[in-house]
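Visitor: To start, I am sharing the structure in question, which I have written as structure tokens.
The values are calculated or read from the model by the stated rules, or taken from the named source; none is laboratory data. Keep in mind that what you see is a predicted model, and the values were worked out from it rather than measured. Virtual Cβ from ideal backbone geometry, glycine too; neighbours counted across all protein chains shown.
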Amino acid sequence: MIRKILVINWRDMNNPEAGGAEIYYHEIFRRLVDRGFDITVLSHSWTGASTDDQTGRIHVIRKGNKFLFNFSIIPYIIRNSKKFDLIIENINKVPFLTPLFARTTRLHIVHHFFEKTIFRETVFPLALYIYLMEKTIGVFYKKEKFIAVSESTKTEIENFGVSDQSISIVSPGINTSFFYQSKPKNKGPLLVYVGRLMKYKNVQFIIRAFPKIKEKYPDAELKIAGSGGYLKELKLLCADLGIENSVQFVGWISEEQKRDLLSSATIFVNPSHKEGWGINNIEANLCGTVSLSNNVPGLRDSVQNNVTGLLYEPENIEDFVAKAQMLISDKKLRSKLEANALERAKSLDWDKIALKMENVLKQI
């Protein structure tokens with residue numbers, strides 16, 4: 001029986017750069033601790049962090065740094081892999097190649113692969129490294145067991161030659177008691193984005209489209225919450241388009257502030273080039289807000305087109321603007337989508353997702 005588990009993840013939950021991948025493993029495995037599992041997380045170190053820590057009842061071990069973590073853990077895995085019943089490798093950007101040196105049962109979680117989109121995000125040498133490392137899935141992982149966070153991600157894993165029988169789907173969950181409509185809707189049309197400000201997140205697309213929305217709705221506003229390396233370029237783009245007075249960059253916000261912002265929005269927009277799932281769509285839905293998202297892998301899983309929200313054709317500003325204007329003007333349609341989205345979002349509580357993960361572990 002599997003009880004003692006090592007989770008390998010680039011960052012731990014206390015890391016200042018922790019994001020969606022960390023929330024996913026933490027929310028699931030802290031619940032499995034309560035169900036009798038012994039969980040250890042292996043992640044990279046960061047300034048001010050101890051090498052041995054405790055997050056709740058999860059044991060955290062930190063090795064190496066953010067750049068060489070995948071190599072730093074190899075000696076530890078070789079020495080200690082047999083102490084665990086299962087090693088779970090959270091593949092987020094770069095695989096750890098555990099099939100080559102981990103001598104115990106293995107399971108691999110995948111949120112999404114960057115593939116060629118990585119070349120839009122970073123400098124060529126680093127992008128090429130990540131791109132080639134992802135290709136090792138088709139060489140060393142074909143006979144491994146996987147968990148995908150969505151149908152789109154499952155398809156991506158299958159494209160590397162992994163059998164669909166070896167892949168289970170455990171979608172991200174959400175705190176259904178925390179997210180609810182905490183603020184009334186904004187009086188005028190309000191579009192909201194919440195997330196990291198990186199190039200591949202494609203916030204620049206919304207900004208380029210926004211002047212066309214303002215042509216029909218002069219009082220429309222766009223609020224962008226989050227931080228990241230692409231912030232300066234986004235602000236410059238607003239200035240070039242002359243819409244800086246209608247676009248507000250609110251910076252990093254707390255979960256409570258995010259709940260209020262999502263609640264007040266007319267539309268939540270998610271323009272990312274690629275995601276594993278798109279949890280912010282579900283958070284918005286619980287806050288009574290419909291999502292208008294890019295029709296790409298991951299986002300088309302968290303948004304059911306014409307049921308819980310709308311999807312627009314990638315990089316098609318006219319399609320985006322038309323659907324945004326439709327959601328703003330057609331209150332009956334928007335209310336119907338909001339109701340459907342809320343009902344679906346309530347079914348994705350973390351307790352139910354943790355139980356689904358436990359059932360997968362029982363089958364290994």
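Visitor: Do we have Asp330 as more than 28 Å from Val33 (Cβ to Cβ) and surrounded by fewer than 19 Cβ atoms within 10 Å (Cβ to Cβ) here?
Guide: Answer is yes for this residue.
Visitor: Additional query: Residue by residue through the range 152-170, note down the ones that are under 21 Å from the mean Cα position of the chain (by Cα) and surrounded by 15 or more Cβ atoms within 10 Å (Cβ to Cβ).
Guide: Ser152, Thr153, Lys154, Glu156, Ile157, Glu158, Ile167, Ser168, Ile169, Val170, listed by residue number.
Visitor: Let me ask something else about it. Looking at Ser43, Ser81, Ser72, can you tell me which residue is in contact (Cβ under 8 Å) with a residue 12 or more places away in the chain, surrounded by fewer than 21 Cβ atoms within 10 Å (Cβ to Cβ) and over 23 Å from Met1 (Cβ atoms)?
Guide: Exactly one of Ser43, Ser81, Ser72 is in contact (Cβ under 8 Å) with a residue 12 or more places away in the chain, surrounded by fewer than 21 Cβ atoms within 10 Å (Cβ to Cβ) and over 23 Å from Met1 (Cβ atoms), namely Ser72.
Visitor: Please find, within the range 84-94, the residue that is surrounded by the fewest Cβ atoms within 10 Å (Cβ to Cβ) out of those that are in contact with a Leu (Cβ under 8 Å, 6 or more places away or on another chain) and of a type outside the set (Phe, Trp, Tyr).
Guide: Here the residue is Leu86.
Visitor: A further question follows. Of (1) under 14 Å from Tyr193 (Cβ atoms); (2) at pLDDT 95 or above; (3) surrounded by fewer than 24 Cβ atoms within 10 Å (Cβ to Cβ), Leu299 satisfies all except one. Which?
Guide: For Leu299, the exception is condition (3).
Visitor: Quick check on my filter: what residues within the range 43-60 are out of contact with any strand residue (DSSP E or B) (no Cβ under 9 Å at 6 or more places or on another chain) and either small (Gly, Ala, Ser) or not assigned by TED's automatic domain parsing to the domain that holds Arg30 (or both)?
Guide: So the first thing to find is which residues in the range 43-60 are out of contact with any strand residue (DSSP E or B) (no Cβ under 9 Å at 6 or more places or on another chain), and the list is 47-48, 56.
Scanning the range 43-60 gives Gly48, Gly56.
Visitor: Of the conditions (1) over 17 Å from Leu190 (Cα atoms); (2) over 19 Å from the mean Cα position of the chain (by Cα), Ser272 clears all except one; give me its number.
Guide: (2)
Visitor: So, restricting to helices (runs of 4 or more DSSP H) that lie completely within the range 120-207, which ones have at least 1 residues that are modelled with pLDDT under 95?
Guide: Fully inside the range 120-207 and qualifying: 124-135, 151-158.
Visitor: Is it the case that some residue within the range 100-111 is under 29 Å from Lys199 (Cα atoms), modelled with pLDDT under 95, in contact with a helix residue (DSSP H, G or I) (Cβ under 7 Å, 6 or more places away or on another chain) and surrounded by 15 or more Cβ atoms within 10 Å (Cβ to Cβ)?
Guide: Scanning the range 100-111 turns up at least one residue that is under 29 Å from Lys199 (Cα atoms), modelled with pLDDT under 95, in contact with a helix residue (DSSP H, G or I) (Cβ under 7 Å, 6 or more places away or on another chain) and surrounded by 15 or more Cβ atoms within 10 Å (Cβ to Cβ).
Visitor: Could you say whether any residue in the range 9-27 is outside any loop (DSSP other than H, G, I, E, B) and over 20 Å from His112 (Cα atoms)?
Guide: No, because not a single residue in the range 9-27 is outside any loop (DSSP other than H, G, I, E, B) and over 20 Å from His112 (Cα atoms).
Visitor: Could you grab the pairs with beta carbons closer than 8 Å, sequence gap of 6+ or different chains, first residue in the range 292-312 and of a type in the set (Ser, Thr, Tyr), second one surrounded by fewer than 20 Cβ atoms within 10 Å (Cβ to Cβ) and in a loop (DSSP other than H, G, I, E, B)?
Guide: Tyr312/Asn295
Visitor: Then there is this: If you scan the range 96-120, which residues turn out to be over 21 Å from Ile23 (Cβ atoms) and not polar (S, T, N, Q)?
Guide: Correct list: Leu97, Pro99, Leu100, Phe101, Ala102, Arg103, Arg106, Glu115, Lys116, Ile118, Phe119, Arg120.
Visitor: Any residue that is assigned to a loop (DSSP other than H, G, I, E, B), touching a Cys at 6+ places or on another chain (Cβ under 7 Å) and over 26 Å from Tyr180 (Cβ atoms) - is there at least one of those in the range 210-217?
Guide: No, the range 210-217 contains no residue that is assigned to a loop (DSSP other than H, G, I, E, B), touching a Cys at 6+ places or on another chain (Cβ under 7 Å) and over 26 Å from Tyr180 (Cβ atoms).
Visitor: Can I ask one more? So Asn281 passes all but one of these: (1) over 25 Å from Tyr180 (Cβ atoms); (2) buried (at least 24 other Cβ atoms within 10 Å of the Cβ). Which condition number does it fail?
Guide: Condition not satisfied by Asn281: (1).
Visitor: Filter the range 235-276 down to residues that are in contact (Cβ under 8 Å) with a residue 40 or more places away in the chain and in a strand (DSSP E or B), then give me how many there are.
Guide: 5
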